[in-house]
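The values are calculated or read from the model by the stated rules, or taken from the named source; none is laboratory data. Source: prediction; values computed, not measured. Glycine also receives a Cβ, built like all others from the backbone with ideal geometry; neighbour counts cover every protein chain displayed. Accessible surface is based on the protein model in full, side chains and every heavy atom, while ligands, DNA and RNA are left aside. Shrake-Rupley method; radii C 1.70, N 1.55, O 1.52, S 1.80 Å.
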Amino acid sequence: MFREDLPSYDLDGKVAVVTGAGAGIGLEVAGVLGSAGAKVVIADLKKEAVDSAVEKLTQEGITALGAVCDVSARDSVVEMVKTVEETCGGIDILINNAGVTVPESPIFEVTEKAWDFVHDVDLKGLYFTSQVVAESMKEHGGGRIVNLCSAAGIMTPKYVSVYGAAKAGVRHLTGIMAKEWARWGINVNAVAPGYIKTDMIKDMLANEKNAEVVLKSIPLRRYGEVKDVARVILFLVTEASEYLTGLVIPIDGGMMA
Ligand code: NAD
């Protein structure tokens, strides 16, 4: 029988803030959400990256606004949210994508500086960006938050202790935020990518032998593309996923199966 209530993937009228959208996965997510009709805010640390992302998306016919923002500094996030509220009225969608990592190393060699660098952005940044934006969503009738976790936050690979611990924290927070904010109509989910071809893993891929070994651990026998992540995130911010919250979806070609 013909169903008339199929979910819409139309984001017309929605405002989406994507952190770290100056490059990689974030830029593609902004492009996909923008193509679905959302007004997208490119929030990134680097001004040049913000400007070139806005220019690229605008040329594609997407309504994109730029905001230089350091997610590791709560004041910077407050400033960004204030500007978005003034220009767009409110925020419907937050993609907590900004993230950094450090080269793999044994725990004995990890410095405090490396720990702080990663945890300030990946965990503290995500925590306070969510806090500030959810406060705004609460006032505007709800919203959707998608956190970028990682396979490294679920599995326990050797030598990835700093990044892995931050992403395990993201996984944990996704459940807590989902429970605390459900009453205000805010759904919080996460995606956990495996290996996605961006600058973040270019050094790993440059080592051909290593890249070959990793490839063999991926049942679908290919590295992920940024669109593989962006499409699942699109699902998580549309009507189709209305009844999902607190979920962490692996996007890893079957690596964690
Ligand atoms: P990327 O390095 O290509 O892009 C990251 C973006 O975040 C950059 O534009 C950078 O300027 C921005 N950024 C860094 N620090 C910031 C800060 N303090 N404030 C605002 N913006 C900041 O990385 P990517 O591969 O696109 O990763 C995006 C997200 O996906 C990250 O959270 C990452 O941990 C996660 N992830 C990536 C992979 C992968 O294989 N690429 C796998 C699992 C998870």
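Working note: Karplus 6.51/-1.76/1.60 with θ = phi - 60° gives region 224-233 the couplings x, 9, 4, 5, 4, 7, 4, 5, 6, 5 Hz, where Gly and Pro are set to x. Here region 128-204 is described by how far its Cα atoms reach on the three principal axes: 43, 22, 17 Å, from widest to narrowest.
Computed with a 1.4 Å probe over protein heavy atoms only, the accessible surface of the chain comes to 52 Å² per residue. For region 1-96, the alpha carbon convex hull comes to 106 Å³ per residue, rounded to a whole number.
Among Asp120, Asp12, the sequence by solvent-accessible area, most first, with a 1.4 Å probe is Asp12, Asp120.
Rg/Rh, computed from the Cα trace of region 153-257 with Rh as the Kirkwood radius, has the value 1.01.
Legend: distances between Cα atoms for Lys124/Lys167; Lys124/Lys158; Lys47/Lys124; Lys202/Lys227; Lys47/Lys138; Lys167/Lys197; pairs beyond 20 Å are Lys124/Lys158; Lys47/Lys124; Lys47/Lys138.
With coordinates expressed along the principal axes, the C-alpha atoms belonging to region 86-157 extend over 48, 24, 16 Å, beginning with the largest. Label sites at Thr87 and Ser217, each approximated as a point 7 angstrom past Cα along Cα to Cβ, lie 4.1 nm apart.
Semi-axis lengths, largest first, of the ellipsoid equivalent to region 179-227 are 33, 12, 9 Å, with √(5λ) applied to each eigenvalue of the Cα gyration tensor. Rg/Rh for region 94-135 stands at 1.10; both radii use Cα atoms, and Rh follows the Kirkwood definition. Two numbers describe the Cα atoms of the chain: Rg and Dmax, which are 17.8, 62 Å. Using just its DSSP H runs of length 4 or more, each adding -39500 (n - 2.57), the chain gives a mean residue ellipticity at 222 nm of -13000 deg cm²/dmol after division by all residues.
Please identify the longest segment of the chain free of exposed chymotrypsin sites (Phe, Trp or Tyr not before Pro), where exposed means a DSSP state other than H, G, I, E or B and no more than 11 other Cβ atoms within 10 Å. Result for the longest clean stretch: 3-242.
Karplus-based coupling profile of region 32-45, in residue order and whole Hz: 6, 5, x, 5, 7, x, 6, 7, 10, 10, 8, 9, 9, 5, with θ = phi - 60° in 6.51 cos²θ - 1.76 cosθ + 1.60 and x standing for Gly or Pro. Computed from backbone phi, the HN-Hα couplings of region 172-182 come to 5, 5, 4, x, 5, 4, 4, 5, 5, 9, 4 Hz, rounded to whole numbers (Karplus: 6.51 cos²θ - 1.76 cosθ + 1.60, θ = phi - 60°; Gly and Pro given as x). Of the solvent-accessible surface of region 58-162, computed with a 1.4 Å probe and all protein chains present, 54% belongs to carbon and sulfur. Every Cα-Cα pair in region 43-195 was counted, and those over 27 Å apart are 27% of them.
Potential lengthening of the chain between Ala240 and Lys179 amounts to 20.0 nm, from the contour at 0.36 nm per residue minus the alpha-carbon distance. Counted by Cβ distance under 11 Å from Ile93, the other residues give a net charge of +2, where Lys and Arg count +1 and Asp and Glu count -1.
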